[in-house]
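The values are calculated or read from the model by the stated rules, or taken from the named source; none is laboratory data. On a predicted model such as this, the values are computed, not experimentally measured, just so you know. For neighbour counting, all protein chains shown are included, and Cβ atoms are generated from backbone atoms with ideal geometry for every residue, glycine included.
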Amino acid sequence: MSETQGLRKLRLGIALLIFEQIIESVALLLLFEAILSVLPSSEVLIHGSLYPPVNIQKLLNTTIKSSNFDTFFSLSLLSALLDIIGIIIIITAIIEVIRGFIELKNYVKKSYLGIYGIIIQLISGLAVLFLIKGSSFEFLHLEDLIIVIIESIGYILIGATLYYIGGHYGQDLLKIGGILIMIPFGLIDYSLLMVVSPIPLSIVPYSLILPDLIISISLIFCFLGLNSVYKNIENEE
């Protein structure tokens, strides 16, 4: 174990997370574009539920027979391919970040908290797999709120760890990135979507990717800070 190895692994992991966040946002936008191509333009979101209600089975039967099927299929397929790429990237990123935190724990106090944060993030990610709804499109319900809260706790621990690392090395960019990651933007966005009604369905995807884009900016700050720290220590050695 060495300090520079820990910083290098953490820097690589953060860089991969930035790419994964961007890919995830694009995949979400494409998926919503696919959905919007087959839904009536009058659909709105009222307190998290689609109105008027839509039956998935009937919608699929109608879509297959419609001229919009090619658009729906192409966008859905591209979104799924991006999701697969994102999964590969995020697995690699998680491994590198965990290795970075493990190697830095002998040099920076509380860096182990980041490992707990990543574990909590994994739990929230796995929980999404169980959110299979019934016969209608449903967004933003109690289960989603629980997942957003769990995800926010994970971000808080990861952000706090990066802040501690930034404080240890006197790197302000890393500290700023850590603070931004700790702010529960996802929970704030979820709350707004539940309270503000009605919301045109066409603007919902842009609202949902906003937290991811803010996290990406936060991670860029962290990457730049880690890169500076890494180069300074490497030059000293």
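Being more than 23 Å from the chain's Cα centre (by Cα) and either closer than 11 Å to Ile165 by Cβ or in a helix (DSSP H, G or I) (or both) is the filter here, so list the residues in the stretch 1-23 that pass it.
First pass over the stretch 1-23, keeping only residues more than 23 Å from the chain's Cα centre (by Cα): 1-6.
Correct list: Glu3, Thr4, Gln5, Gly6.
Scan the stretch 186-209 residue by residue and report those that are surrounded by 16 or more Cβ atoms within 10 Å (Cβ to Cβ), out of contact with any Phe, Trp or Tyr (no Cβ under 6 Å at 6 or more places or on another chain) and either under 19 Å from Ile23 (Cβ atoms) or at pLDDT 90 or above (or both).
Within the stretch 186-209, Gly186, Leu208, Ile209 meet the criteria.
Scan the stretch 216-232 for residues that are under 19 Å from Asp172 (Cβ atoms) and either modelled with pLDDT under 85 or within 13 Å of the chain's Cα centre (by Cα) (or both) and jot them down. Working first, answer last.
So the first thing to find is which residues in the stretch 216-232 are under 19 Å from Asp172 (Cβ atoms), and the list is 217-232.
The answer is Ile217, Ser218, Leu219.
What is the one condition in (1) within 30 Å of Pro200 (Cβ to Cβ); (2) modelled with pLDDT of 90 or more; (3) surrounded by 17 or more Cβ atoms within 10 Å (Cβ to Cβ) that Val54 does not satisfy?
Val54 satisfies every listed condition except (2).
Checking Ser135 against (1) at pLDDT below 85; (2) within 21 Å of Leu180 (Cβ to Cβ); (3) of a type outside the set (Lys, Arg), which test does it fail?
All conditions are met except number (2).
Contact list please: Cβ distance under 7 Å, first residue in the stretch 69-85 and farther than 19 Å from Ser25 by Cβ, second residue in a helix (DSSP H, G or I) and of a type outside the set (A, V, I, L, M, F, W, C), pairs at least six apart or on different chains.
Correct list of pairs: Phe69/Thr63; Phe72/Thr63.
Quick one: count up the residues across the stretch 9-21 that are out of contact with any Ser or Thr (no Cβ under 8 Å at 6 or more places or on another chain), over 13 Å from Ile91 (Cβ atoms) and buried (at least 20 other Cβ atoms within 10 Å of the Cβ).
Going through the stretch 9-21 one residue at a time, the tally reaches 4.
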